[in-house]
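Down below is the structure, laid out as structure tokens.
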Amino acid sequence: MIICYKKEDLRPIVDGLKLKNQSIGFVPTMGALHEGHLSLIKKGLEENAEMVVSIFVNPTQFDNALDLEKYPRSIESDLELLQTLSKDIIVYVPTVDDIYGKTITSEHFDFGGLENQMEGQFRKGHFDGVGTVVKRLFEIVQPDIAYFGKKDFQQLRIIQELVEKHKLSVKIVGVEILRDKDGLALSSRNERLNKAQREAAPFIYQTLKTAKKRFGTESANKVSEWLEKQFAQQELLTLEYFTIADEANLQTIRRKTKTKSYRAFIAVFAGDVRLIDNIALN
Ligand code: AMP
């Protein structure tokens, strides 16, 4: 396995692959890898001659210093895990300096309004940070195909928009959400849940599934009211937002239309651990 800590180390490898016309697959991550990440990488390994995985906890996408500080980091076990998948993966583990130089700031992006919904409302500047790092990583890695999880569906839509707006020559593939046996969406943040919180957390997906059923016959407003009541009775879980939105523009729906695709999105706190999830409704 090749591990690069600087873009200068990665550049000749990328140049060599480009010369040989070999397709480069790419999965950007913030590390603390789990099976969810691996599902993206496995798909990439099947579809490309070479896979690049980046591990970088991007400071500019955190609006909360404590969240950034407490974000799990486990580079040694991450590398071991990647090694079990394939000996050929190229891992890029940049320093903050390698990506940002001396000024750790985001560029400002207009993602056609996608950035103002949900995560954008509750995490100020989050998508400017995401856009900045992903654009820079794409410039360095020059992938043919990049894989993003539907776990962060809004992020996936924003990256699709970024690629379209900036005419980047990379194909974006969305990958289904991987869950634990009890339904909890896999997330690096799950490591930070205590035992009681971990036992309470599957309620998030259970409630999403029931919301989906109810949406068959009820209005989005009615479903939201019902869901808020369910969470009001939860001791360990605090609802931050729940919304039913149009998959294309991510705007909360007013009235159902048969031709459109909808998705329910949720963010919940278990103590100071913030969990997000979503479910396709049709
Ligand atoms: P992160 O390290 O949290 O930035 O995630 C890196 C990539 O893995 C993102 O594209 C995520 O959407 C994706 N991902 C994280 N968790 C899951 C999951 N449970 N299922 C599918 N993809 C995931």
Give me, ordered by chain and number, the residues 5 or more places off residue 24 or on other chains with an amide H under 5 Å from its own placed amide H. 144, 145
Within 10 Å, count the other beta carbons around each residue, average over each peptide in 58-71, 155-168, 27-40, and list them highest first. 27-40, 155-168, 58-71
Phi-derived 3J(HN,Hα) across the stretch 208-223 with the Karplus relation (6.51, -1.76, 1.60, θ = phi - 60°), rounded Hz, x for Gly and Pro, is 4, 5, 5, 4, 4, 4, 4, 5, x, 10, 10, 6, 4, 4, 4, 4
Work out how much length residue 233 to residue 88 would gain on full extension: take 0.36 nm times their residue separation and subtract the Cα-Cα distance, in nm to one decimal. 47.3 nm
May I ask for the distance between the Cα centers of the stretch 22-95 and the stretch 260-282, given as a whole number of Å? 23
Karplus ³J(HN,Hα) for the stretch 54-61 (6.51 cos²θ - 1.76 cosθ + 1.60, θ = phi - 60°; Hz, whole; x = Gly/Pro) runs 9, 10, 7, 7, 7, x, 6, 9
Setting aside same-chain residues fewer than 8 positions from residue 150, which aspartates and glutamates have a Cα under 12 Å from its Cα? 176, 247, 277
Please find the FRET efficiency linking residue 135 to residue 104, where r is the Cβ-Cβ separation and R0 is fixed at 25 Å, and quote it to the nearest 0.05. 0.95
Please give the length that would be gained between residue 68 and residue 124 if that part of the chain were fully extended, namely 0.36 nm times their separation in residues minus their C-alpha to C-alpha distance (nm, one decimal). 18.8 nm
Distance cut-off 30 Å, Cα to Cα: go down the list 167/212; 70/102; 165/222 and report the pairs above it. 167/212; 165/222
Give the carbon-plus-sulfur fraction of the accessible surface of the chain in %, rounded to a whole number; probe 1.4 Å, heavy atoms of protein chains only. 49
Under a crude label model (7 Å from the Cα following the beta-carbon direction), how far is residue 169 from residue 2 in nanometres? 2.0
Output ³J(HN,Hα) for the stretch 173-188: one whole-Hz value per residue in order, computed from phi by the Karplus curve 6.51 cos²θ - 1.76 cosθ + 1.60 with θ = phi - 60°, and x for Gly and Pro. 10, x, 10, 4, 6, 9, 10, 6, 4, 8, x, 5, 5, 5, 7, 4
What does DSSP give for the chain in terms of the percent of beta bridges that are antiparallel, rounded to the nearest 5? 50
Can you pull out the trypsin sites (Lys or Arg not before Pro) in the stretch 196-282 that DSSP calls coil and that have at most 11 other Cβ atoms within 10 Å? 254, 255, 258
Counting Lys and Arg as +1 and Asp and Glu as -1, what is the net charge of the other residues whose Cβ lies under 14 Å from the Cβ of residue 77? -4
For the stretch 185-282, what is the accessible area per residue in Å² when the probe is 1.4 Å? 54
How high is the FRET efficiency between residue 209 and residue 15 when r is their beta carbon distance and R₀ equals 45 Å, given to the nearest 0.05? 0.40
Taking the Cα atoms only, what angle lies between the long axis of helix 35-47 and the longest principal axis of the chain, rounded to 10 degrees? 50
So between residue 256 and residue 219, what do we pick up on full extension, going 0.36 nm a residue minus the alpha carbon distance? 12.6 nm
Among rounded, prolate and oblate, which fits the stretch 149-282 when a ≥ b ≥ c are the square roots of the eigenvalues of its C-alpha gyration tensor, a/c under 1.5 means rounded, and a/b larger than b/c means prolate? oblate
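The values are calculated or read from the model by the stated rules, or taken from the named source; none is laboratory data. The model shown is predicted, which means the values in this text are computed figures rather than measured ones. All Cβ positions, glycine included, derive from the backbone under ideal geometry; neighbour counts span all protein chains shown. What goes into the accessible areas is simple: the full protein's heavy atoms, side chains included, and nothing from ligands, DNA or RNA. Shrake-Rupley method; radii C 1.70, N 1.55, O 1.52, S 1.80 Å.
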